[in-house]
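What follows is a set of notes on a single structure, which appears directly below.
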Amino acid sequence: MSQTILVVEDEVGISRRLTADLVKAGFQVEQAFDGEEALRKFTAFAPDLVLLDLMLPKRDGWSILKEIRKHSSCPVIILTALSQPQQRVTGLNRGADDYITKPFYGEEVVARVKAVLRRSPRILENPGTRQYGSLKIDFQAHAVFLKGVPLSFIPRDLSLFLFLARHPNQTFSREQLITEVWGLDYKGSERAVDLAVKRIRKTLRAWPKTEGEVKTLRGLGYQFCVYQE
Ligand code: CA
């Protein structure tokens, strides 16, 4: 499924040009031409990234950024004619992920969008309970069910699996998994991750591969892949 970018820009020509470049690069685009429309569409479309102009009718970009940051870590790239370094610092301090000054090349914008999306993976912020085909994961209760039957993991494997499952379709190296899940003071080797994944797969063996799996990405690490939500 392609990722959605919300383009917030009141100059129709610029918005149209950006939209064309992003669509060409394979993104889905929603446009907003003033501050209120921006917040409405942010809520309605839950975009993967926002390109945000600062000078806008009705509400300025700063107040939109502030509003977005109250509830969301969705990446925001500020787009503006204000090129003073101070503006740039302010933008980044207020929670923007990047800053592009006008005039810009469409290719540069697309490249920056891709770079920010790569560094800002989707995290399930309030996952609660998730259903992936016949697999149900209750993140609050730390419980996993397959067709309603609870699966049992040893605690260390469970924390590894829940971590991967909170970041669906995202790859982690063994080293990252050790640091993120088991902590810096963990003394075991990276081989321990392989063994844990092996046990996790065994526990999940009745989960149809067509719905999802814990995948090995050779030379990179592991990923909780989901094909069906
Ligand atoms: Ca403007």
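The values are calculated or read from the model by the stated rules, or taken from the named source; none is laboratory data. Predicted, not measured: the structure shown is a model, and the values here were computed from it. Cβ placement follows ideal geometry from the backbone for every residue including glycine, while neighbour counts extend to all protein chains displayed. The protein model used for the area step is the full one, side chains on, heavy atoms only, and it has no ligands, DNA or RNA in it. Shrake-Rupley method; radii C 1.70, N 1.55, O 1.52, S 1.80 Å.
Here are the numbers for this structure:
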item	result
Selected residue (criterion: farthest from the ligand (Cβ to nearest atom)) from residues of segment 91-120 that are open to solvent by less than 50 Å² (accessible area, probe 1.4 Å) and modelled with pLDDT under 75	S120
Residue within segment 148-158 that is out of contact with any Leu (no Cβ under 9 Å at 6 or more places or on another chain), among the hydroxyl-bearing types (S, T, Y) and not in a strand (DSSP E or B) present	no
Criterion: surrounded by fewer than 16 Cβ atoms within 10 Å (Cβ to Cβ) and assigned to a loop (DSSP other than H, G, I, E, B) - qualifying residue of Q176, Q131, Q140	Q140
Any hit, segment 72-84, residues being of a type in the set (G, A, S), open to solvent by less than 50 Å² (accessible area, probe 1.4 Å) and modelled with pLDDT of 95 or more	no
Residue among G212, G219, G183, G148 that alone is on the phi > 0 side of the Ramachandran plot and crowded, with 18+ Cβ neighbours inside 10 Å	G212
Pair list, Cβ < 7 Å and 6+ apart or interchain, from segment 45-59 residues that are under 17 Å from I5 (Cβ atoms) and open to solvent by less than 10 Å² (accessible area, probe 1.4 Å) to residues that are within 16 Å of the ligand (Cβ to nearest atom) and assigned to a loop (DSSP other than H, G, I, E, B)	D53/E9; D53/D10
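So that you can scan it fast, the table gives a plain yes or no per residue for (1) touching a Ser or Thr at 6+ places or on another chain (Cβ under 7 Å); (2) part of a helix (DSSP H, G or I); (3) open to solvent by 60 Å² or more (accessible area, probe 1.4 Å); (4) within 12 Å of the ligand (Cβ to nearest atom):
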site	(1), (2), (3), (4)
I5	no, no, no, no
I14	no, yes, no, yes
V23	no, yes, yes, no
Q31	yes, no, no, no
A38	no, yes, no, yes
